[in-house]
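Input: a single structure, listed below in structure tokens.
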Amino acid sequence: MLTLLELTRRRVLALGAGAVAATAAGVRVKADTLRPAIVELFTSQGCSSCPPADAFMAEVRTMPDVIALTYNVDYWDYRGWRDTLAAPENSKRQYKYAKARGDMDVYTPQMIIDGASHVVGSQKTAVIAAIKRSFANPPPMWIPVSIFANDAEFQITVDQAPLDVPAPTASLWFVSVAPHIPVEIEKGENAGQKIDYLNVVRKLVPVGMWHGERTTLALPKDSVMTEDSTSCVALLQMKPLGRILGCAVWGRLSS
């Protein structure tokens, strides 16, 4: 069975071969068309099944060509401990995914891959298999996205859709991220544990729509970043909340 690293190496070799063939045919291929897998973990400090998935994120976020994000949800807060990192927007995002898929399957720890499929986040074999399937089954199109930053603002640029493919309506999301937040849990199902949360989503903002044209948006830093977020991710995602069609990262997510 191929390891994730072996599969990634094959993707790089295949991309190189494709680029040579395309150049010979007179078509320019960008190196950044190598598509990452997007892994979103929905977790809770009040969920006794979540700590193994939270720990597994240390491996997932260092996997080649993987962008991993942690969303703490608030719907377990009634169990005696209020999640210190949770936001209602994170819970809404998870529910919208379930509605878009049509299965209404919402649980913790849940990992959603590329906005399309989901697996139990603590089941390592299932997660790695889902990431491999992501690499083997690309979305209908992949749109290059970039983030430029200066002292005051971010500029996010989304390229135009391929001319020969109908462009779907998509949303652009801005995600501010804190790479590492340790939390000592005092009550609830995980009382007494100290858990390291990695690539924690601190703010989730829908910033615009994309209809296929090249688009650039300017966002004031102080309105989209928090004091503890040092990185950010832009996600281009089909509406309603579904397959991810493009992404960009600013800052470091794996350290």
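None of the figures in this text is laboratory data; all of them are computed from the coordinates on show. Here the structure is a predicted model, which is why all the values come from computation and not from measurement. Neighbour counts are summed over all protein chains in view; Cβ atoms, including those assigned to glycine, are modelled from backbone coordinates with ideal geometry.
Which are the unpartnered cysteines of the chain, meaning those with no other cysteine Cβ under 4.7 Å from their Cβ?
When partners are defined as cysteine Cβ atoms under 4.7 Å apart, the chain leaves C232, C247 without one.
For the chain, what class follows from the C-alpha gyration tensor (a ≥ b ≥ c being the square roots of its eigenvalues): rounded when a/c is under 1.5, otherwise prolate if a/b is larger than b/c, else oblate?
Prolate is the answer for the chain, as a/c is 1.5 or above and a/b outweighs b/c.
Tell me, which longest segment in the chain has none of the trypsin sites (Lys or Arg not before Pro) that fall in DSSP loops with at most 15 further Cβ atoms within 10 Å?
83-186
Checking the a/c ratio against 1.5 first, then a/b against b/c, what shape does the Cα gyration tensor give for region 91-189?
oblate
Determine the alpha carbon to alpha carbon distance for each of K203/K239; K132/K194; K124/K194; K124/K221; K124/K239; K99/K203 and list only those over 24 Å.
Flagged as over cut-off: K132/K194; K124/K221; K124/K239.
Which distance in nm do the two modelled labels at E213 and T157 give, with both placed 7 Å along the Cα-to-Cβ direction?
1.7
Below 8 Å between Cα atoms, with a sequence gap of 6+, how large is the relative contact order for region 35-250 in percent?
Relative contact order for region 35-250 comes out at 24 percent.
Return T169, T43 ranked ascending by Cβ neighbour count within 10 Å, so the fewest neighbours appear first.
Fewest-to-most ranking of T169, T43: T169, T43.
Sorting L253, L236 on the 10 Å Cβ count, fewest up front, what's the list?
L253, L236
Looking only at GluC sites (Glu not before Pro) in DSSP loops with at most 13 other Cβ atoms within 10 Å, what is the longest site-free stretch of the chain?
1-185
Quick check: from the Cα gyration tensor, does region 121-255 come out rounded (a/c under 1.5), prolate or oblate?
Oblate, since a/c reaches 1.5 and b/c is not below a/b.
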